[in-house]
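Notes follow the structure.
The values are calculated or read from the model by the stated rules, or taken from the named source; none is laboratory data. As the structure is a computational prediction, the values presented were derived from the model and not from experiment. Counting neighbours? That spans all protein chains shown, and the Cβs are built from the backbone with ideal geometry, glycine included. The protein model used for the area step is the full one, side chains on, heavy atoms only, and it has no ligands, DNA or RNA in it. Shrake-Rupley method; radii C 1.70, N 1.55, O 1.52, S 1.80 Å.
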Amino acid sequence: MKSIYILCPPNKATGGPEALHQLGHLLKKDDYNVTMLYSKRKSNPVHPFYKDYQIPYTYKVKDSADNVMIIPESMTNWMARFPLAEKKVWWLSLTFYEMAMNSREAKKNFLRKIFVPYKHTEYRFEKNKTITHWYQSQRTKEYLDTKELCNPAQYLCDYVADVFFENLPEIEDFDKKDIITYNPKKGFDKIEPIINLLPQYQWVPLSGMTRIEMRDLLRKAKLHVDFGYFPGRDKIPREALISGCCLLTGREGTSGFKEDLGIPEIYKLHENEITPEIVIEKIRHIMTNYDSVKNDFTSFRAFVLSEKQRMLDDIRGLFTKNNS
């Protein structure tokens with residue numbers, strides 16, 4: 001059995017690191033030889049969210065054909081360090097690939113740019129049979145389809161954390177209030193005018209909360225609004241769905257793809273539809289008719305509820321103990 005290493009920044013609780021630790025957790029449960037490879041040394045590299053997974057970790061790996069390196073798309077500059085190993089690039093976002101690459105290049109000093117050419121430090125889809133790509137979203141799949149890859153791209157999506165499933169009520173048993181949640185870090189400039197025009201509802205930003213506090217709030221809310229950009233299959237809208245919320249979103253990024261955000265199209269607004277008149281009408285309809293509108297989200301909610309089992313099944317398809 002090969003040794004599997006999952007590259008990850010240390011002590012971070014954003015969507016990408018969470019997905020990487022979920023992968024490690026499921027591989028460990030299935031008795032694979034898996035280790036987290038943290039990109040920097042820290043006194044406490046394991047974020048508290050992931051301590052229960054008890055995945056072993058290291059800061060250094062010797063390149064070997066007996067290793068499988070799982071590398072997020074934002075850290076593909078590490079691939080040149082492992083020419084012998086199998087490399088799996090997991091695309092958890094499309095946007096961060098270019099952003100991270102350009103940021104790293106901008107930070108190089110003048111001499112390093114001369115002696116370490118750009119093409120030798122960043123991955124630009126050079127042909128390499130040791131590299132396989134995994135995509136988390138349909139949007140990323142369509143992007144990868146435009147590249148000449150040596151191996152077919154394969155699907156692997158993460159799942160909503162177990163805490164959102166603890167004592168989960170049936171959909172008809174949530175004690176819902178006139179609460180609307182939103183992510184203040186995404187699209188707030190579009191939401192703020194609406195908040196001021198609908199003071200009859202309690203608008204609560206999802207920030208400064210523990211996971212349990214956020215879960216408990218979403219279980220009381222009727223609606224989650226997100227008019228921001230979706231770089232990947234964002235977690236908060238899925239957490240809201242599981243918690244019985246309706247969704248109202250824009251169409252930027254993956255939210256524009258039905259495979260990635262499979263809610264009815266009437267709840268996904270084009271840019272020119274995000275106006276006070278249209279948004280207020282949508283929100284009032286959802287809040288007033290929540291008991292019936294919630295059923296519009298049943299199909300995609302069921303899909304999200306089954307993501308963990310689907311991820312486990314997909315992992316077993318991607319790995320076999322004979323060749324990994």
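A search for C-beta distances below 7 Å between a residue of region 204-228 that is of a type in the set (Asp, Glu) and any residue that is part of a loop (DSSP other than H, G, I, E, B), counting only pairs 6+ apart in sequence or on different chains, returns Asp226/Asn183; Asp226/Lys186; Asp226/Gly187.
Selection of first residues in region 105-131 that are within 13 Å of Asn77 (Cβ to Cβ) and of second residues that are open to solvent by 90 Å² or more (accessible area, probe 1.4 Å) and at pLDDT 70 or above, restricted to Cβ pairs under 9 Å at least 6 apart or on distinct chains, gives the following pairs, ordered by first then second residue: Tyr118/Arg124. The numbered conditions (1) within 30 Å of Phe257 (Cα to Cα); (2) open to solvent by less than 30 Å² (accessible area, probe 1.4 Å); (3) more than 17 Å from the chain's Cα centre (by Cα) are all true for Pro72 except (3). All conditions but one from (1) of a type in the set (Val, Ile, Thr); (2) open to solvent by less than 40 Å² (accessible area, probe 1.4 Å); (3) within 30 Å of His285 (Cβ to Cβ) apply to Ile171; the one that does not is (2).
Residues that are assigned to a strand (DSSP E or B) and either closer than 15 Å to Thr181 by Cα or of a type outside the set (Gly, Ala, Ser) (or both) within region 234-267 comprise Cys246, Leu247, Leu248, Thr249, listed in sequence order. Would you please name the residue that is most open to solvent (accessible area, probe 1.4 Å), looking only at residues in region 184-225 that are in contact with a Leu (Cβ under 7 Å, 6 or more places away or on another chain) and in a strand (DSSP E or B)? My answer is Val204. Output the residues belonging to region 23-71 that are assigned to a strand (DSSP E or B) and touching a residue at least 24 places away in the same chain (Cβ under 8 Å). Val34, Thr35, Met36, Leu37, Tyr38, Thr58, Asn67, Val68, Met69, Ile70, Ile71, listed by residue number. Does Lys308 count as within 22 Å of Ile194 (Cα to Cα), modelled with pLDDT of 95 or more and in a helix (DSSP H, G or I)? Answer is no for this residue. Screening Gly16 against (1) without any contact (Cβ under 8 Å) to a residue 60 or more places away in the chain; (2) of a type in the set (Gly, Ala, Ser); (3) open to solvent by less than 30 Å² (accessible area, probe 1.4 Å) leaves a single unmet condition, (1). Being more than 22 Å from the chain's Cα centre (by Cα), open to solvent by 60 Å² or more (accessible area, probe 1.4 Å), within 25 Å of Gln154 (Cα to Cα) and at pLDDT 95 or above is a property that holds for Asn33. Using the structure shown, decide if Ile315 is touching a Leu at 6+ places or on another chain (Cβ under 8 Å), hydrophobic (A, V, I, L, M, F, W, C) and not in a helix (DSSP H, G or I). For Ile315, the condition - touching a Leu at 6+ places or on another chain (Cβ under 8 Å), hydrophobic (A, V, I, L, M, F, W, C) and not in a helix (DSSP H, G or I) - is not met.
Exactly one residue out of Ser292, Ser299 is at pLDDT 95 or above, of a type in the set (Gly, Ala, Ser), under 26 Å from Ala19 (Cβ atoms) and open to solvent by 40 Å² or more (accessible area, probe 1.4 Å), and it is Ser299.
May I ask you to verify whether Arg238 is of a type outside the set (A, V, I, L, M), modelled with pLDDT under 95 and open to solvent by less than 20 Å² (accessible area, probe 1.4 Å)? It is false that Arg238 is of a type outside the set (A, V, I, L, M), modelled with pLDDT under 95 and open to solvent by less than 20 Å² (accessible area, probe 1.4 Å).
Determine if region 175-185 includes at least one residue that is out of contact with any helix residue (DSSP H, G or I) (no Cβ under 9 Å at 6 or more places or on another chain) and under 22 Å from Tyr229 (Cα atoms). Yes; the residues of region 175-185 include at least one that is out of contact with any helix residue (DSSP H, G or I) (no Cβ under 9 Å at 6 or more places or on another chain) and under 22 Å from Tyr229 (Cα atoms). Selection of region 119-144 for residues being open to solvent by 60 Å² or more (accessible area, probe 1.4 Å) and in a loop (DSSP other than H, G, I, E, B) yields Arg124, Glu126, Lys127, Lys129.
Working carefully through the options Gln54, Gln22, find the one that is open to solvent by 50 Å² or more (accessible area, probe 1.4 Å), at pLDDT 90 or above and not charged (D, E, K, R).
Every option except Gln54 fails the conditions.
Among the residues making up region 75-100, a single one is surrounded by 20 or more Cβ atoms within 10 Å (Cβ to Cβ), in a helix (DSSP H, G or I) and free of Cβ contacts under 8 Å to residues at least 40 places away in the same chain: Tyr97.
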